[in-house]
Amino acid sequence: MKLVFLLILLVGSALASDPQSAGTSDSTDHHPTERERAAEQLKQQQKQRILGVIPNFNTSFIQDAAPLSPGQKFHLALRGALDPFVFVAAGMDAGVEQWQNDFAGYGQGAQGYAKRFGAAYADNFTGAMLGGAIFPSILHQDPRYFRKGTGSVTGRVFYSIATTVRAKHDGGRWEPNYSNILGNLAAGGLANLYYPASDRGAALTFERALTVTAEGAIGSIFVEFWPDISSKLFHKHPKKIPRRRLPAADTLMG
């Protein structure tokens, strides 16, 4: 498991640090390329946090945002997976699991907590990299959630749920979200390498994948409506979602 984790991290770091992947260009043309515009939009996305703490980097408020290069997909996935809040969340998950004695094979005490913490973080990391970078790069799909922001509540709820099984191709069309489905299954399979023997097996792999998919749907609903909730609680009105492609600085939500 450590080797798989390290390989994913090394490949992702190499791609994410590639100057061309990051969107730089030697062109003297004043018109930004697709990759440059994507890089500018990613800079804005990486400032997005819910309540100023929870990272919301994987959400785009631009329906026709510039497509990401493979390196940019890895960069985005790594940025989220290595955010300090993710480690805090893994620690909280491990604490609850230890209190409830979930994954009893890990035992109790400091050693049991450390194993639960490692498993919780590994679940997040492998899921983020497989479903948010590796498969999207191979299958040319965009790993981001594109907030709808308009329409009826019911329509937006169904839109949010559908994104767990529907994604944008890099070309802009909607198609089945193979990246998310395969990523959840692969991450569930990898978990068999580090979960206790009593919590392994094909059935549990599919159960974990379904659970993560359901959690993703709930998370998408929350992300969709958070700007509306925030505007009610803090009287901050979300900007309108642009419907056509404009320079990133004029279209992104701060």
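The numbers here are math on the coordinates, done by the rules we state, and not lab data. This structure is a prediction, so every number in the text was calculated from the model and none was measured. Positions of Cβ are backbone-derived with ideal geometry, glycine not excepted, and every protein chain shown enters the neighbour counts.
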Quiz prompt | Tally, over segment 70-82, of residues that are touching a Gly at 6+ places or on another chain (Cβ under 7 Å) and surrounded by fewer than 23 Cβ atoms within 10 Å (Cβ to Cβ) | solution = 1
Practice problem: With respect to A104, determine if the residue is closer than 24 Å to F135 by Cβ and in contact with a helix residue (DSSP H, G or I) (Cβ under 9 Å, 6 or more places away or on another chain). | Solution: no
Practice problem: Out of F135, F85, F158, report the one residue that is surrounded by fewer than 15 Cβ atoms within 10 Å (Cβ to Cβ), within 16 Å of the chain's Cα centre (by Cα) and part of a helix (DSSP H, G or I). | Solution: F85
Quiz prompt | H169, sole failed condition from (1) in contact with a His (Cβ under 9 Å, 6 or more places away or on another chain); (2) more than 21 Å from V212 (Cα to Cα); (3) surrounded by 19 or more Cβ atoms within 10 Å (Cβ to Cβ) | solution = (3)
Quiz item: Residues of segment 42-82 being of a type in the set (A, V, I, L, M, F, W, C), within 12 Å of the chain's Cα centre (by Cα) and part of a loop (DSSP other than H, G, I, E, B), which ones?
Solution: F57, L82
Quiz prompt | Members of segment 88-112 found to be more than 14 Å from Y194 (Cα to Cα), buried (at least 18 other Cβ atoms within 10 Å of the Cβ) and without any contact (Cβ under 8 Å) to a residue 24 or more places away in the chain, listed by number | solution = E97, Q98
Quiz prompt | Only one of K73, K47 that is closer than 15 Å to A128 by Cβ, of a type in the set (K, R) and touching a residue at least 40 places away in the same chain (Cβ under 8 Å) | solution = K73
